[in-house]
Amino acid sequence: MQHRSVNDVMTREVVTARPDTPVKEVAALFHRNDITAIPVVDDQGRPLGMVSEADLLRKEAVLPDPEGRYPGRWLDAEDRARAEAETAGGLMTSPTVTARPSWSVPEAARAMDKHKVKRLPVVDEAGRLVGIVSRRDLLQVFLRHDAAIREEIDHDVLGQTLWLASGDVRAAVHNGVVTLTGRLPRRSLVPIAERLCRAVDGVVAVHATLDWTEDDTEPALEHPRAYRAAS
């Protein structure tokens, strides 16, 4: 079993800015390319920071109204300097949280969630920009067809990982929701099967109604018999 990687879903042709790119040109890059953020890179193509629409909106938000009144929002010295910046280097958010092409999609999702960002520049071993991955890119796994999910579960989870005979456990998939039915040789395999299926890209949830032949979670009985898992 293997998750899709950042390399599988990232955008390789990345629009970038330089630290000395004027703010007006940054806005034009957004407009021409229908994007909402760009990495700012140095001469070696290494990300220095990110500039987003939110950064440009901050400049608008601190402008006085026609009567000369300034907005009530208070900005600290750093935010004030960024709001008054004239170039991408002054406007950008730094340092940049980056990803590697070899990261799995869940790894990238965890990084985005932890750092509260919407996109990650992707860098190689030397720290040079090779792509960018967004929330939308990571959510592509939920576009997988039910048939592809079921095939992966049948082959990779039930067959190659749990080594179950064909037909022992059946997987049905509808709208990404997996339903497992059938019989496992041991009760301890029930949560393992559920966890492995949940880890398949595109799975939304797993419901299992599984029997087992041996209850290896309890002390051995004098006369073993089949048990049925609680639904």
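The values are calculated or read from the model by the stated rules, or taken from the named source; none is laboratory data. Treat the numbers as computed from the prediction; the structure is a model and nothing was measured. For neighbour counting, all protein chains shown are included, and Cβ atoms are generated from backbone atoms with ideal geometry for every residue, glycine included. Accessible surface areas use protein heavy atoms only, side chains included; no ligands, DNA or RNA. Shrake-Rupley method; radii C 1.70, N 1.55, O 1.52, S 1.80 Å.
Before moving on, here are some points about what is shown:
- Scan of region 108-144 for residues that are part of a helix (DSSP H, G or I), more than 26 Å from residue 58 (Cβ to Cβ) and without any contact (Cβ under 8 Å) to a residue 60 or more places away in the chain, ordered by number: 109, 110, 139, 143
- Residues of region 11-55 classified as polar (S, T, N, Q), open to solvent by less than 40 Å² (accessible area, probe 1.4 Å) and at pLDDT 95 or above, total: 1
- Residue in region 206-215 that is within 25 Å of the chain's Cα centre (by Cα) and either open to solvent by 50 Å² or more (accessible area, probe 1.4 Å) or modelled with pLDDT under 95 (or both) present: yes
- On the stretch given as region 3-24, residues that are assigned to a loop (DSSP other than H, G, I, E, B), of a type outside the set (A, V, I, L, M, F, W, C) and without any contact (Cβ under 8 Å) to a residue 40 or more places away in the chain total 1.
- The lone exception for residue 231 - which of (1) modelled with pLDDT under 95; (2) under 22 Å from residue 2 (Cα atoms) it fails: (2)
- Pair list, Cβ < 9 Å and 6+ apart or interchain, from region 147-170 residues that are among the β-branched types (Val, Ile, Thr) to residues that are open to solvent by 60 Å² or more (accessible area, probe 1.4 Å) and modelled with pLDDT under 95: 157/1; 161/1
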